[in-house]
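The structure appears below as structure tokens.
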Amino acid sequence: MDRYVCITCGWVYDPAEGDPEGGIAPGTPFEEIPEEWTCPACGVGKEMFEKER
């Protein structure tokens, strides 16, 4: 599964870890995260993330 990086602050969403504090279980692909989810580090929306290269 691909990792995604917040282009605002650099926080990395790793599907293997998920975002337990944000209600996202480990193993959840980025594409399956609800649209209303926000970056746990800076609060921007999901649209501000890019696939890690």
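The values are calculated or read from the model by the stated rules, or taken from the named source; none is laboratory data. The model shown is predicted, which means the values in this text are computed figures rather than measured ones. Here the Cβ positions follow ideal geometry from the backbone for every residue, glycine too, while neighbour counts run over all protein chains shown.
Might you check whether a residue that is in contact with a helix residue (DSSP H, G or I) (Cβ under 8 Å, 6 or more places away or on another chain) and surrounded by fewer than 15 Cβ atoms within 10 Å (Cβ to Cβ) occurs anywhere in region 3-19?
Yes, region 3-19 has at least one match.
Report, by residue number, each residue of region 15-40 that is among the charged types (D, E, K, R) and part of a loop (DSSP other than H, G, I, E, B). Lay out the reasoning, then the answer.
Taking region 15-40 as the starting set, the residues that turn out to be among the charged types (D, E, K, R) are 17, 19, 21, 31-32, 35-36.
Result: Glu17, Glu35, Glu36.
Of all residues in region 18-34, how many are of a type outside the set (A, V, I, L, M) and in contact with a Gly (Cβ under 9 Å, 6 or more places away or on another chain)? Full working, then the answer.
The first filter runs over region 18-34 and keeps only residues of a type outside the set (A, V, I, L, M), leaving 18-23, 26-32, 34.
From what's left, in contact with a Gly (Cβ under 9 Å, 6 or more places away or on another chain): 18, 26-28, 34.
Looking only at that region, the number is 5.
Got a sec? Which of Ile33, Ile7 is within 10 Å of the chain's Cα centre (by Cα) and modelled with pLDDT of 95 or more?
The match here is Ile33.
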